[in-house]
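J.: Quick one: structure below, then a few questions.
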Amino acid sequence: AQKVTQAQTEISVVEKEDVTLDCVYETRDTTYYLFWYKQPPSGELVFLIRRNSFDEQNEISGRYSWNFQKSTSSFNFTITASQVVDSAVYFCALSDLAETSGSRLTFGEGTQLTVNP
Amino acid sequence: DAGVTQSPTHLIKTRGQQVTLRCSPISGHKSVSWYQQVLGQGPQFIFQYYEKEERGRGNFPDRFSARQFPNYSSELNVNALLLGDSALYLCASSLGTGLTGNTIYFGEGSWLTVV
């Protein structure tokens, strides 16, 4: 069975601070994809990144960066110089690639990030 | 191009009633999935459809059913509504099935309240 754990339920920071959101996953698959989504109060899940299990290079996109470590089954997300608009719930998710079950995502419980001015 | 669109955005139903939620995927996407998100939790997978066939089903009772139409839009039906069915129902679309490792895009969801 697949499992995603986001141990941080809530994080509160002051604007311009750096913040890291942790994600640990469990899977027996050798090939899989990991995702991060942002969910503002409106409810829509906004896609941030997809990483496949063969690519362990870290990725940076503007103020966002991701650290994928297969050895520790972690896929952490860092926001540099946080802004009030970053306030949202962030979800880490794992993709099941089995042909018979389709591309279902297993989500963590989410981390509520609040950035205060 | 329009993103994933869902309707209705909000609705209130009474216990025992039936509800139909609708979803139009991104143009060109052939796979539609449905997720249920209860307040304070992560989304839970309900169904995936690809080329009008069910390709995956989560751990939900038979009261939940879905279908996909020739234009790739989809409907989620829930019968005999329970209070516990109150949730945000999210539709997601992708180009294909899991093996292609496609990015999965979500709509804004349908907020269902059962009273």
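The values are calculated or read from the model by the stated rules, or taken from the named source; none is laboratory data. Every value quoted in this text rests on a predicted model; they were computed, and no experiment measured them. When we count neighbours, we look across all protein chains shown, and the Cβ atoms used for this are built from the backbone with ideal geometry, even at glycine.
J.: Taking only pairs six or more apart or across chains, which ones have beta-carbon atoms under 7 Å, a first residue in region A:44-73 that is part of a helix (DSSP H, G or I), and a second residue that is surrounded by fewer than 16 Cβ atoms within 10 Å (Cβ to Cβ)?
T.: Final answer for the pair search is A:Lys70/A:Glu56.
J.: Which residue out of A:Phe54, A:Phe35, A:Phe47 is closer than 18 Å to A:Asp96 by Cβ and either modelled with pLDDT under 85 or in contact with a helix residue (DSSP H, G or I) (Cβ under 8 Å, 6 or more places away or on another chain) (or both)? Steps first, answer last, please.
T.: Working: A:Phe35 fails: either modelled with pLDDT under 85 or in contact with a helix residue (DSSP H, G or I) (Cβ under 8 Å, 6 or more places away or on another chain) (or both); A:Phe47 fails: either modelled with pLDDT under 85 or in contact with a helix residue (DSSP H, G or I) (Cβ under 8 Å, 6 or more places away or on another chain) (or both).
Being closer than 18 Å to A:Asp96 by Cβ and either modelled with pLDDT under 85 or in contact with a helix residue (DSSP H, G or I) (Cβ under 8 Å, 6 or more places away or on another chain) (or both) holds for just one of A:Phe54, A:Phe35, A:Phe47, which is A:Phe54.
J.: Regarding region B:76-87, can at least one residue be identified that is among the hydrophobic types (A, V, I, L, M, F, W, C), under 26 Å from A:Gln39 (Cα atoms), touching a Lys or Arg at 6+ places or on another chain (Cβ under 9 Å) and within 14 Å of chain A (Cβ to nearest Cβ)?
T.: no
J.: Filtering region A:1-43 down to residues that are of a type in the set (Val, Ile, Thr) and in a loop (DSSP other than H, G, I, E, B), which residue is surrounded by the fewest Cβ atoms within 10 Å (Cβ to Cβ)? Steps first, answer last, please.
T.: Let us first name the residues in region A:1-43 that are of a type in the set (Val, Ile, Thr), namely A:4-5, A:9, A:11, A:13-14, A:19-20, A:24, A:27, A:30-31.
Applying the additional criterion that residues be in a loop (DSSP other than H, G, I, E, B) yields A:9, A:27, A:30-31.
Working: A:Thr9: 10, A:Thr27: 19, A:Thr30: 8, A:Thr31: 14.
The selected residue is A:Thr30.
J.: Among the candidates B:Leu39, B:Leu112, B:Leu81, single out the residue that is part of a loop (DSSP other than H, G, I, E, B) and touching a residue at least 60 places away in the same chain (Cβ under 8 Å).
T.: Details: B:Leu39 fails: touching a residue at least 60 places away in the same chain (Cβ under 8 Å); B:Leu112 fails: part of a loop (DSSP other than H, G, I, E, B).
Just one listed residue meets the conditions, B:Leu81.
J.: Give the residue that is surrounded by the most Cβ atoms within 10 Å (Cβ to Cβ), with candidates limited to residues of region B:2-51 that are more than 11 Å from chain A (Cβ to nearest Cβ) and on the phi > 0 side of the Ramachandran plot.
T.: The extreme case among them is B:Glu51.
J.: Further, regarding this structure: Hey, can you tell me all the residues within region B:58-92 that are in contact with a Leu (Cβ under 9 Å, 6 or more places away or on another chain) and at pLDDT below 95?
T.: B:Ala92
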